[in-house]
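The values are calculated or read from the model by the stated rules, or taken from the named source; none is laboratory data. In this text the structure is predicted, and so the values were computed from the model without any measurement. Because the Cβ atoms are built from the backbone with ideal geometry, glycine has one as well, and the counts that use them run over all protein chains shown.
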Amino acid sequence: MNPTAATGFVLEVASADDFEALHALHLRAMRESLEHLGRYDPRHARERLAAGFAPEHTHHIVVDGVAWLRVLKPLSHVMRLDHLCIDRLHSAVALVRR
């Protein structure tokens with residue numbers, strides 16, 4: 001998908017080589033919330049992401065050069081949003097610019 005003035009973002013299909021970077025993004029996005037709940041476990045997070053990782057259903061959402069993560073999996077009658085991770089380091093800047 002090419003960026004347009006209307007959307008302001010690009011969807012880039014992930015590859016198998018992207019797993020480590022996506023895992024790091026996933027941890028940054030979820031860590032604070034999970035620690036607050038007393039449920040942060042990086043090993044479990046890695047296993048869960050790896051178990052469902054399908055590059056063909058995974059996209060980088062690129063906004064102003066910053067990549068976010070979206071995993072949208074097809075079911076028989078709908079698409080299920082499996083993950084939507086926004087990098088905590090950049091989320092405020094990207095949202096304020098909109």
### Task
Answer yes or no as to whether Ser15 is over 18 Å from Val62 (Cβ atoms) and among the polar types (S, T, N, Q).
no
#### Entry: Scan of the stretch 70-98 for residues that are at pLDDT below 75 and of a type in the set (A, V, I, L, M, F, W, C), ordered by number
Leu89, Ala92, Val93, Ala94, Leu95, Val96
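For (1) surrounded by 11 or more Cβ atoms within 10 Å (Cβ to Cβ); (2) out of contact with any Ser or Thr (no Cβ under 8 Å at 6 or more places or on another chain); (3) not basic (Lys, Arg), each residue gets a yes or a no:
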position: Glu20; (1), (2), (3): no, yes, yes
position: Ala24; (1), (2), (3): yes, yes, yes
position: Leu27; (1), (2), (3): yes, yes, yes
position: Met30; (1), (2), (3): yes, yes, yes
position: Arg43; (1), (2), (3): no, yes, no
position: Phe53; (1), (2), (3): yes, yes, yes
position: His57; (1), (2), (3): yes, yes, yes
position: Val62; (1), (2), (3): yes, yes, yes
### Message
Restricting to the stretch 53-64, and then to whatever is in contact with a helix residue (DSSP H, G or I) (Cβ under 9 Å, 6 or more places away or on another chain) and not in a strand (DSSP E or B), can you tell me which residue is modelled with the lowest pLDDT?
### Response
Asp64
### Query
Which ones in the stretch 35-66 are out of contact with any Leu (no Cβ under 9 Å at 6 or more places or on another chain) and aliphatic (A, V, I, L, M)?
Leu37, Ala50, Ala51, Ala54, Val63
### Query
Among Ala50, Ala45, Ala14, Ala67, which is the only one that is under 20 Å from Asp87 (Cβ atoms), at pLDDT below 85 and in contact with a helix residue (DSSP H, G or I) (Cβ under 9 Å, 6 or more places away or on another chain)?
Ala67
